[in-house]
Amino acid sequence: MDHISTNYTAADYCAAMDRNELIVNREYQRSEKVWPDIARSFLIETMLLGFPMPKIYLYSVTDLKNRRTVKEIVGGQQRSMAIKDFFDDKFVLSRKLETEDLAGKKFSELEDDWKKRFITYSISADLFVSATDEEVRETFRRMNSYTVPLNPEEQRHAEFQGAFKWFVQRLAKANQGIFVRAGIFGDKLLIRMQDLKLICEIIHAMLFGIRTTNKKALYNLYAENDEKFNDQQKVRRYFDYAFEAVSNLKSIHGTNLMKPYMTYSLVLAIIHSKYGLKKLTGLGQGKFRGSFNPKIFEEHLLELDESLETPDEEIERSKFKAFILASKERTNVKEQCADAAR
């Protein structure tokens, strides 16, 4: 079996689809479920901003009846249809896109520079030639066999395309800078979507209280809010407040307090001290509500960070014994976070 690497401009790709030179082979479609507009919009934004997207896979087939060769789209069908529909003015980009020039626009409504970016965008494709159906299927099986298995965060991000997934995506993008500057995550963990996991765990605690957030719990969080996430505005306000505070607490950046499991507790503590989360009642709510003082907060945090260096033989005598022992567990189950909070 041979394959050829090739490129199309988006305009040429759509024109080939119009001429039925490029057609969708539904037998290779993983799911009949059509991407929602927010997912399609994110793809178009990706193209317009000049970011690469994965290759399209095509299969060259001879149509004896019409005496011509056509190319079937066997990998990248949803992307192909999103590109074609946008080019044909059949859908409007989501108003939730962060690029203001694009939000709520159809192709025909874009400024000329954006239109040019779209129609000249280079789409990379691999074309299978002299191949049988079995060889094409074997190609995908082999590709999947040596790729790194998706972790639970990547699996959820791939499966769900609704309101909650894209809300978490926007939160992660908005706070990626502080994640890196504060030393919460490095590039490798960001690429594997560990920032999304942390955000989801924090949201889960806001909604249900502090408890073990296992794979099933986070999956259910996505599933139950896939169609509509009613708490978006409130949660975004809480996160904006908390991460602005973390950004300003520069003296603790890069310390033990910036490890993800510590950041989980810290962010919830900041939000709770300002707004008083109902599900965290009993963890400092009451007289502390609305009294967040960055200077005093920072002093106490530095003291906590220093306590984590306490030698084992002195932990029993430390006033931060509960915090130190809870921190050693490196998890966010309810009992340990409660001990750390106290």
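What the table below lists for this structure:
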read-out	value
Residue list for region 221-243, filter: surrounded by 13 or more Cβ atoms within 10 Å (Cβ to Cβ) and polar (S, T, N, Q)	225, 232
Selection count, region 147-177, where residues are assigned to a loop (DSSP other than H, G, I, E, B) and of a type in the set (Gly, Ala, Ser)	1
Residue list for region 180-199, filter: of a type outside the set (A, V, I, L, M), part of a helix (DSSP H, G or I) and free of Cβ contacts under 8 Å to residues at least 40 places away in the same chain	187, 188, 195
Residue 71 vs. criteria of a type in the set (D, E, K, R), surrounded by 11 or more Cβ atoms within 10 Å (Cβ to Cβ), in contact with a strand residue (DSSP E or B) (Cβ under 9 Å, 6 or more places away or on another chain) and in contact (Cβ under 8 Å) with a residue 40 or more places away in the chain	yes
Of all residues making up region 93-124, the number that are at pLDDT 95 or above and either of a type in the set (Lys, Arg) or within 29 Å of residue 72 (Cβ to Cβ) (or both)	14
Selection count where residues are in contact (Cβ under 8 Å) with a residue 60 or more places away in the chain, under 16 Å from residue 127 (Cα atoms) and part of a loop (DSSP other than H, G, I, E, B), scope region 42-68	1
Qualifying residue in region 24-41 (condition: assigned to a strand (DSSP E or B) and not assigned by TED's automatic domain parsing to the domain that holds residue 162)	yes
Any hit, region 108-119, residues being surrounded by 11 or more Cβ atoms within 10 Å (Cβ to Cβ), of a type in the set (Asp, Glu) and more than 23 Å from residue 59 (Cβ to Cβ)	yes
Residue within region 201-209 that is surrounded by 14 or more Cβ atoms within 10 Å (Cβ to Cβ) and free of Cβ contacts under 8 Å to residues at least 24 places away in the same chain present	yes
Residue in region 140-160 that is at pLDDT below 95, of a type in the set (Gly, Ala, Ser) and touching a helix residue (DSSP H, G or I) at 6+ places or on another chain (Cβ under 9 Å) present	no
Residue within region 131-151 that is of a type in the set (A, V, I, L, M, F, W, C), within 21 Å of residue 9 (Cβ to Cβ) and surrounded by 11 or more Cβ atoms within 10 Å (Cβ to Cβ) present	no
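The values are calculated or read from the model by the stated rules, or taken from the named source; none is laboratory data. The structure presented is a predicted model; accordingly, all values stated were derived computationally and were not measured. Cβ: placed from backbone, ideal geometry, glycine included. Neighbour counts: every protein chain shown.
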